[in-house]
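Remarks on the structure that follows.
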Amino acid sequence: MAYYYTEPSRTFSEYLLLPNLTAKDCNPTSVSLKTPIVKFKKGEKPEVSLNIPFSSAVMQAVSDHNMAVALARCGGISFIFGSQSVEDQADMVRKVKGHKAGFVISRSNLTPGHTLKDVLELKEKTGHSTVAVTDDGTPTGKLLGIVTSRDYRLSRDSLDKQVGQFMTPFSSLIYGKSGCTLSEANDLIWEHKLNCLPIVGEQQNLEYLVFRKDYDAHKENPYELLDENKSYIVGAGINTKDYAERVPALVAAGVDVLVIDSSDGYTEWQKETVEYVKSNFDNVKIGAGNVVDREGFLYLVEAGADFVKVGIGGGSICITREQKGIGRGQASAVIEVAEARDEYFRKTGIYVPICSDGGIVHDYHITLALAMGADFVMMGRYFARFDESPTRKLKVGNNFVKEFWGEGSNRARNWQRYDTGGKQTLVFEEGVDSYVPYAGSLQENLDKTIHKIKSTMCNCGSLSIEELQQKARITLVSATSIVEGGAHDVILKENSMSAE
């Protein structure tokens, strides 16, 4: 007969953290949110870690190259969506890897034979006011000059005027030589009062551009997530159908971490995909999932997964539970998988991080997920609200919103994510097409969320995620105590009354 769980399937909203003693040295500025993202052996350090426990979801409406750069600047990771062509996804990965911390591969390039009209069209397309002029118009061609808005006057210069006539020529440029450090480049920028410093090789070929504004941005983002070459770390989603074509292209583009994007990861298809990656690519990291119990976790770990995603049907746009009756409350899933992860670590000495994917409604749910054993969280709705997400900002009624749709919706038509064999199409939807309230910039909102997490951790007497998982005291809450926890028995001024 079928197996029945006697415990209810519980969500994060059914739990609260109890405070522990807060020592005097336990304050938000002292809290570290550094966390592993790939497996490692006891006594060793993971090859890839996050500086904050955040990853953006593998979704068309969330994770493109712009989101990946913005989140890496803050210390987290994006997994660029895989429901696009192999070439387009690999190109997004290359764009992210081109953002070397402080050193940027030029993305606006022309030749001397182009015209002012070409400059203006390129500026409109990219938003860049600095254009590198190379002999062949490529980012790594021989540098012949630079064009900025100071080099032309729209009121006097004709649109057909050639770039070679008004650019600042190479002979007049201050530049850095190949191999110079970021510190040396910034010294040149400040010494010569520059906004942009080209870095060139021995044959005068352009390698990078260093911008004054990026120096300021670097100082403002001390937790930038960088690889050993000072490029941003980026992930990418794959499926279990075209992995033999997609994975080589992503690896060639420089991807740091892969993840299989699926609503249900406890399948032989995922095992085969993980084994393919591990057999054909040395040291390529890959996560798998999603699972909701001990059995699913162990199956993927034994296949070779470097981390495991937890959660089915808990996303804000996901209707898998409603459509198929499959899933589990996110808190229950994280608790069981975390126990399996810890047991596996005790037996083998190998620690496999878990990612809580879904079920986050309030910021404190993130802290709860970490306390329950998650090493990091993956979110879609949270990041879809920001300027950096790839969707349109619209005004609906009196409010600004951003579009947000699920990978299982008819709009995304990502049948590979939900396929279990047979017809290669999306037979029914497991996600919806919707809006989310527009919230502004990623960094401003993320800073606020991180401060809440650190403050709560201090209430729990913890200075790290690992310490939080060891010390946290968690209690179930009743329906009435949930009501008690919010504003109640008062008349809120902004909703019901106006000041005289």
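The values are calculated or read from the model by the stated rules, or taken from the named source; none is laboratory data. Every value quoted in this text rests on a predicted model; they were computed, and no experiment measured them. Because the Cβ atoms are built from the backbone with ideal geometry, glycine has one as well, and the counts that use them run over all protein chains shown. Just so you know, the surface numbers come from the protein's heavy atoms only, side chains and all, with ligands and any DNA or RNA stripped out. Shrake-Rupley method; radii C 1.70, N 1.55, O 1.52, S 1.80 Å.
Of note:
- Number of positions in the range 132-164 that are open to solvent by 50 Å² or more (accessible area, probe 1.4 Å) and farther than 13 Å from Leu110 by Cα: 10
- The range 438-475, residues that are among the β-branched types (Val, Ile, Thr) and part of a helix (DSSP H, G or I): Thr449, Ile450, Ile453, Thr456, Ile465
- When Asp363 is tested against (1) open to solvent by 30 Å² or more (accessible area, probe 1.4 Å); (2) in contact with a strand residue (DSSP E or B) (Cβ under 7 Å, 6 or more places away or on another chain); (3) within 23 Å of Phe54 (Cβ to Cβ), exactly one condition is not met: (2).
- Counting the residues of the range 278-293 that are more than 19 Å from Phe40 (Cβ to Cβ) and surrounded by fewer than 24 Cβ atoms within 10 Å (Cβ to Cβ) gives 3.
- Search result, residues across the range 154-177 that are modelled with pLDDT of 90 or more and in a loop (DSSP other than H, G, I, E, B): Ser158, Leu159, Asp160, Lys161, Met167, Leu173, Ile174, Tyr175
- Restricting Tyr223, Tyr208 to those that are in contact with a Ser or Thr (Cβ under 8 Å, 6 or more places away or on another chain) and either part of a helix (DSSP H, G or I) or among the aromatic types (Phe, Trp, Tyr) (or both) reduces the list to Tyr208.
- Checking Val259 against (1) part of a strand (DSSP E or B); (2) open to solvent by 10 Å² or more (accessible area, probe 1.4 Å), the condition it does not meet: (2)
- Scope the range 471-493; condition in contact with a Ser or Thr (Cβ under 8 Å, 6 or more places away or on another chain) and modelled with pLDDT of 95 or more; matching residues: Lys471, Ala472
- One residue from Glu275, Glu228 being under 30 Å from Ile189 (Cβ atoms) and either open to solvent by 40 Å² or more (accessible area, probe 1.4 Å) or modelled with pLDDT under 95 (or both): Glu228
- Candidates Ala61, Ala68, filtered to the one that is at pLDDT below 95 and within 15 Å of Glu388 (Cα to Cα): Ala61
- Pair list, Cβ under 6 Å, 6 or more apart: the range 368-391 residue within 17 Å of Phe81 (Cβ to Cβ) and among the hydroxyl-bearing types (Ser, Thr, Tyr), other residue in a strand (DSSP E or B) and open to solvent by less than 10 Å² (accessible area, probe 1.4 Å): Thr391/Lys402
- Cβ-Cβ under 9 Å pairs, at least 6 apart or on other chains, the range 439-464 side on the phi > 0 side of the Ramachandran plot, far side open to solvent by 40 Å² or more (accessible area, probe 1.4 Å) and among the hydroxyl-bearing types (Ser, Thr, Tyr): Gly461/Thr22
- Among the residues of the range 389-404, those that are within 18 Å of Gln443 (Cβ to Cβ) and open to solvent by 50 Å² or more (accessible area, probe 1.4 Å) comprise Pro390, Lys393.
- The lone exception for Leu110 - which of (1) under 15 Å from Glu207 (Cβ atoms); (2) open to solvent by less than 20 Å² (accessible area, probe 1.4 Å) it fails: (1)
- Test result for Gly440, at pLDDT 85 or above, within 20 Å of Ile77 (Cα to Cα) and open to solvent by less than 20 Å² (accessible area, probe 1.4 Å): yes
- Within the range 9-57, if we keep just the residues that are open to solvent by 70 Å² or more (accessible area, probe 1.4 Å) and assigned to a strand (DSSP E or B), the residue that is nearest to Glu224 (Cα to Cα) turns out to be Lys41.
- Here Lys241 passes the criteria (1) farther than 23 Å from Gly76 by Cα; (2) modelled with pLDDT of 95 or more; (3) open to solvent by 20 Å² or more (accessible area, probe 1.4 Å) except the one numbered (2).
- Filtering the range 85-107 to residues that are part of a loop (DSSP other than H, G, I, E, B) and either crowded, with 17+ Cβ neighbours inside 10 Å or in contact with a Pro (Cβ under 9 Å, 6 or more places away or on another chain) (or both) leaves Gly98, Ala101, Gly102, Ile105, Ser106, Arg107.
- For the range 310-329, the criterion of being under 30 Å from Asn445 (Cβ atoms), modelled with pLDDT of 95 or more and either of a type in the set (D, E, K, R) or assigned to a helix (DSSP H, G or I) (or both) is met by none of the residues.
- Selection of the range 183-214 for residues being open to solvent by less than 80 Å² (accessible area, probe 1.4 Å), of a type outside the set (S, T, N, Q) and without any contact (Cβ under 8 Å) to a residue 60 or more places away in the chain yields Leu188, Ile189, His192, Leu194, Leu197, Val200, Gly201, Arg212.
- Selection count, the range 372-388, where residues are open to solvent by 10 Å² or more (accessible area, probe 1.4 Å) and within 15 Å of Glu466 (Cα to Cα): 1
- Ser172 being within 30 Å of Ala236 (Cβ to Cβ) and open to solvent by 20 Å² or more (accessible area, probe 1.4 Å): no
- Listing of strands (runs of 3 or more DSSP E) fully contained in the range 331-419 that carry 2 or more residues being at pLDDT below 95: 393-396, 399-405
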